[in-house]
Amino acid sequence: MWTAATQTHFCHPSNRFYPALRRAGLIALVVDTDIGMTEEQRQSFGDTGIGISNLVGRATVRASELSRDELRAGADRLAALVERIEPAVVAIAGVTAYRDAFADWKAGLGRQSHQLGPAALWIVPNPSGLNAHETIESLAVWYREVAEAAGIT
């Protein structure tokens, strides 16, 4: 809900997304979790070559609040977006969300053997503070690897 209020993805104070991107060397910006990104920060973030899109366009406290139908509809929207903008790589944050969205029950973290349209497909850990066994450092390793695959490091 906090990210919806600030209009900034992954903006909750306990979320490790931006600290992990900084640790990975992909961004320099520090996001103020009280207000979210400034317009200058949004531009700077976009200039890195990293983009963010939700599978489902409504705010929830937990991913488990999303239905499989919502996630599958989101997967269809994402596939259409990928076909239109043709990124090199797509990374889905959260293996459970990916499994439900794409009905791929055996998927695991890392690069997938198939693509999403023209893009290499990765699953990375969800950076939420609710995903307690991941750390900023472990997330940074994943994000750096995906960025290298996309050619943006």
Kindly indicate which of 70, 86 is surrounded by fewer than 18 Cβ atoms within 10 Å (Cβ to Cβ) and farther than 15 Å from residue 50 by Cα. 70
Would you pick out the residues in the stretch 27-51 that are surrounded by 12 or more Cβ atoms within 10 Å (Cβ to Cβ) and either among the charged types (D, E, K, R) or under 14 Å from the mean Cα position of the chain (by Cα) (or both)? 32, 42, 45, 49, 50
In the stretch 116-147, what residues are within 18 Å of residue 51 (Cβ to Cβ) and either among the small types (Gly, Ala, Ser) or exposed (fewer than 13 other Cβ atoms within 10 Å of the Cβ) (or both)? 117, 118, 119, 120, 147
Out of all the residues in the stretch 92-100, is one or more over 27 Å from residue 23 (Cα atoms), surrounded by 13 or more Cβ atoms within 10 Å (Cβ to Cβ) and in contact with a Gly (Cβ under 9 Å, 6 or more places away or on another chain)? no
Taking residue 53, is it out of contact with any Cys (no Cβ under 9 Å at 6 or more places or on another chain), within 22 Å of residue 6 (Cβ to Cβ) and hydroxyl-bearing (Ser, Thr, Tyr)? yes
Checking residue 44 against (1) in a loop (DSSP other than H, G, I, E, B); (2) among the polar types (S, T, N, Q); (3) closer than 19 Å to residue 147 by Cβ, the condition it does not meet: (1)
Tally of residues being surrounded by fewer than 18 Cβ atoms within 10 Å (Cβ to Cβ), out of contact with any helix residue (DSSP H, G or I) (no Cβ under 6 Å at 6 or more places or on another chain) and of a type in the set (A, V, I, L, M) across the stretch 52-67: 2
Can you name the number of the only condition in (1) polar (S, T, N, Q); (2) in a loop (DSSP other than H, G, I, E, B); (3) at pLDDT 85 or above that residue 54 fails? (3)
Pairs, first without any contact (Cβ under 8 Å) to a residue 60 or more places away in the chain and farther than 17 Å from residue 79 by Cα in the stretch 105-131, second buried (at least 16 other Cβ atoms within 10 Å of the Cβ) and of a type in the set (Gly, Ala, Ser), C-beta under 6 Å, six or more apart: 124/91; 124/93
Per-region count, the stretch 59-81, residues under 20 Å from residue 10 (Cβ atoms) and free of Cβ contacts under 8 Å to residues at least 60 places away in the same chain: 12
Take residue 152 and tell me if it is touching a residue at least 12 places away in the same chain (Cβ under 8 Å) and either among the aromatic types (Phe, Trp, Tyr) or touching a strand residue (DSSP E or B) at 6+ places or on another chain (Cβ under 6 Å) (or both). no
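The values are calculated or read from the model by the stated rules, or taken from the named source; none is laboratory data. This structure is a prediction, so every number in the text was calculated from the model and none was measured. Here Cβ is always computed from backbone atoms with ideal geometry, including for glycine, and neighbour counts include all displayed protein chains.
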